[in-house]
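So the structure is just underneath, and the comments pick up after that.
The values are calculated or read from the model by the stated rules, or taken from the named source; none is laboratory data. From a predicted model like this one, the values you see are computed outputs, not experimental measurements. Cβ coordinates were reconstructed from backbone atoms using ideal geometry, including for glycine residues, and neighbour counts include every protein chain displayed. Keep in mind that these areas ignore ligands, DNA and RNA; they rest on the heavy atoms of the full protein, side chains included. Shrake-Rupley method; radii C 1.70, N 1.55, O 1.52, S 1.80 Å.
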Amino acid sequence: NGILCKVPLRALKVYSRGQSAGSAPNLKVESWYNEGGVYNQVGAPDSSHIIPFHQTGRSTKQGYSLPVIPSADHSYRLSLTSGDGNIPSSWVVEFSDFIVGNRFEIEYINLSLNGKPCGQN
């Protein structure tokens, strides 16, 4: 659980490539707190956040990271704040990880990228 949180939090990471800290767009995260997955992402989101780009030194380790609530009762939509907003297909999106995944039960989130559902929303 997060600090002072009443629900568990997990990491959602978006690994990018070919970006530089001076020109990389931010990541827009929209959240809905209702059941029904990404197909109920209608109207204004319940919350919206801008996540800044992060790069470790001059390395190729770069992208975005944010906490999410593992639950079928919430859904998330990710987009970039520039261009058409689409996340390139060469990027990698990771929810949780093997270490955390083996410690807890199987967890799910409802996620939409580029206007399309990911997984079995």
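Each label was represented as a point 7 Å from its Cα along the Cα-to-Cβ direction; for CYS118 and SER65 these points are 1.6 nm apart.
For the peptides 59-69, 15-25, residues were scored by their other Cβ atoms within 10 Å and the scores averaged per peptide; the highest-first order is 59-69, 15-25. Protein heavy-atom accessible surface, 1.4 Å probe, per residue over the chain: 65 Å².
Think of each Lys and Arg Cβ as +1 and each Asp and Glu Cβ as -1; about the Cα centre, that makes the dipole of the stretch 14-121 roughly 520 debye. Working from label points 7 Å from Cα in the Cα-to-Cβ sense, the ALA72 to ALA44 distance is 3.0 nm. Cross-link reach is defined here as a Cα-Cα straight distance under 19 Å, omitting same-chain residues fewer than 8 places apart; for LYS61 the lysines meeting it are LYS13.
Computed extension length for ASP84-HIS54: 8.7 nm, one decimal, from 0.36 nm per residue of separation with the Cα-Cα distance subtracted. Could you pull out which residues in the stretch 53-75 have an amide N less than 14 Å from a spot 7 Å beyond the Cα of ASN34, following the Cα-Cβ vector? Of the residues in the stretch 53-75, 73-75 have backbone N under 14 Å from the label point off ASN34.
For the stretch 8-68, the convex hull drawn through the C-alpha positions has a volume of 106 cubic angstrom per residue.
Only helices enter the 222 nm calculation for the chain: every DSSP H run of n ≥ 4 contributes -39,500 (n - 2.57), and dividing by all residues gives -1000 deg cm²/dmol, rounded to 500. Considering only Cα atoms, the convex hull volume of the chain works out to 130 Å³ per residue. Most simply put, the chain has about 85% antiparallel DSSP beta bridges, counting only bridges with both residues inside it. What a 1.4 Å probe finds exposed on the chain is 53% carbon and sulfur by accessible area, rounded to a whole percent. For the stretch 47-64, 3J(HN,Hα) computed residue by residue from phi via the Karplus equation (6.51, -1.76, 1.60; θ = phi - 60°) reads 8, 9, 9, 10, 10, x, 5, 9, 9, 8, x, 9, 6, 8, 6, 8, x, 9 Hz, glycine and proline entered as x.
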